[in-house]
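Note sheet for the following structure.
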Amino acid sequence: MLTVAAIFEMMQAYKTTSLLCTGIELGLFDCLAEGRIDATTTAEKLGLNARATGLLLNALAAIGLLESDGHTYALDMGAAEYLVRGKPQFMGNMARVIASRWEWEALRRLPEAVRRGGTVMTENAETPEYAYWEDFAANAPAIARPTAEKVAEILGPLMATRSKMNILDLACGHGLYGFTLARHLPRARVWSLDWPNVLVVAERHAAHMCVAERVSMIAGDMFQVPLGGPYDVVVIANVLHHFSEKRGTELLRRAAAVTTPQGIVVLVGFVVDDQPPALNPAPHLFSILMLVWTTEGQAHSAVAYRRMLAAAGYENPALHGVPSLPMQIITASRSYQDQLRL
Ligand SMILES: C[S@@+](CC[C@H](N)C(=O)[O-])C[C@H]1O[C@@H](n2cnc3c(N)ncnc32)[C@H](O)[C@@H]1O
């Protein structure tokens, strides 16, 4: 049963987010990684106001990110592992993705979005060359990597039968889905499509993953730009939830038109299932982000995905879970009927 304490906690959750993001942005966790320290010295080292730094350090200790004897401060073990820049497990950059000011500003206008039935933001997730997607591409690889590896594992049997493979990564963002497949299949070539400002980031990742010489970039609107092809694999990861079923089908039709008769499409996204929302909350919470940030987007159900795929000419859809992550991978192949039409 809902308690008063739980309601107060929900009302104040944004303060915790602000504290965590401020600690990361000001480099407090990096500073404390050098050893136990008091507020005045911390403020001097970081060029901050001493009184304010004391208040912030106490609040960070209050929410369990620091340990304090009342005068000096040290990092909690988890903070030392995950919030210090340069540590292998550092995940502070993810704050720029999942606690971004863009999302926050859009979510503050949720009541208006519910009245209108879609975003009221003039700049939103569908805006061409939206700057948020540069941040996303730069900082999301840590969460994309396990899903990209899972896609490679699922496609393993198919890749084993091919000496060559052409892959299109539609709305590639960071590009990790295509690049990870390229790493698993040394003779694969990848075409990564996104807005030009985002492709600059993807190019950096391709070089870092040593696949750049097998990667080509397609810059522009995925609904308009010529897609090239044909491709053995088309990846559309975390994209269809930005759109209505109708628009998603339109994109899938474009993809199907450049998929080889033996080729497959790979979708990644949150999938709404038949369980009550409390048992699988992630897609329902994600739908709220799509509501405030897109015209008609939402997390789709498995049934809606099947409908979109069938209408676009793909068949045999199969759902695959991703260990420890709430999203799903959906694969489907080109349909026999579509092969006849070609
Ligand atoms: C949620 S990100 C997905 C990135 C990557 N596929 C992933 O799964 O992490 C959505 C991407 O779609 C791109 N995008 C959105 N609308 C687009 C359009 N009309 N044409 C090309 N890219 C688009 C954005 O720039 C962004 O990089």
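The values are calculated or read from the model by the stated rules, or taken from the named source; none is laboratory data. Everything numeric here is computed off the predicted structure, so don't read it as measured data. In this analysis, Cβ positions are derived from the backbone assuming ideal geometry, glycine residues included, and neighbour counts consider all displayed protein chains.
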Check your understanding: (1) over 21 Å from F243 (Cβ atoms); (2) part of a helix (DSSP H, G or I): which one isn't true of Y132, the others all being true?
Key -> (1)
Practice item. Could you check how many residues of the range 259-276 are part of a strand (DSSP E or B) and within 14 Å of the ligand (Cβ to nearest atom)? Key: 5
Review point. Right, A140: of a type in the set (G, A, S), crowded, with 16+ Cβ neighbours inside 10 Å and within 24 Å of Y82 (Cβ to Cβ) or not?
Key: yes
Practice item. Taking only the range 148-169 into account, find how many residues are within 11 Å of V233 (Cβ to Cβ) and within 11 Å of the ligand (Cβ to nearest atom). Key: 2
Point to revise | Residue among S287, S335 that alone is free of Cβ contacts under 8 Å to residues at least 60 places away in the same chain and closer than 28 Å to M121 by Cα | key: S287
Practice item. Can you run down the residue pairs with Cβ atoms below 6 Å, 6 or more apart or on separate chains, where the first is in the range 134-145 and more than 8 Å from the ligand (Cβ to nearest atom) and the partner is at pLDDT 95 or above and not in a helix (DSSP H, G or I)? Key: P141/H174
**Study point:** Breaking point among (1) closer than 26 Å to N124 by Cα; (2) surrounded by 17 or more Cβ atoms within 10 Å (Cβ to Cβ), for E250
**Key:** (2)
Check your understanding: Does at least one position in the range 208-231 carry a residue that is within 11 Å of the ligand (Cβ to nearest atom), part of a strand (DSSP E or B), on the phi < 0 side of the Ramachandran plot and surrounded by 22 or more Cβ atoms within 10 Å (Cβ to Cβ)?
Key -> no
**Study point:** Enumerated helices (runs of 4 or more DSSP H) restricted to the range 20-66, each holding at least 1 residues that are over 18 Å from R85 (Cα atoms), free of Cβ contacts under 8 Å to residues at least 40 places away in the same chain and of a type in the set (K, R)
**Key:** 50-62
Revision key, fill the gap. Only one of V120, V114, V84 is modelled with pLDDT of 95 or more and assigned to a helix (DSSP H, G or I), namely V114
Review point. Does L289 fit the bill of being away from the ligand (no atom under 11 Å from the Cβ), outside any loop (DSSP other than H, G, I, E, B) and under 19 Å from the mean Cα position of the chain (by Cα)?
Key: no
Practice item. For V198, state whether it is among the hydrophobic types (A, V, I, L, M, F, W, C), touching a Phe, Trp or Tyr at 6+ places or on another chain (Cβ under 6 Å) and not in a loop (DSSP other than H, G, I, E, B). Key: yes
Exercise for review: Check A138, A106 and return the single one that is farther than 24 Å from M217 by Cα, small (G, A, S) and either in a helix (DSSP H, G or I) or more than 21 Å from the chain's Cα centre (by Cα) (or both).
Suggested key: A106
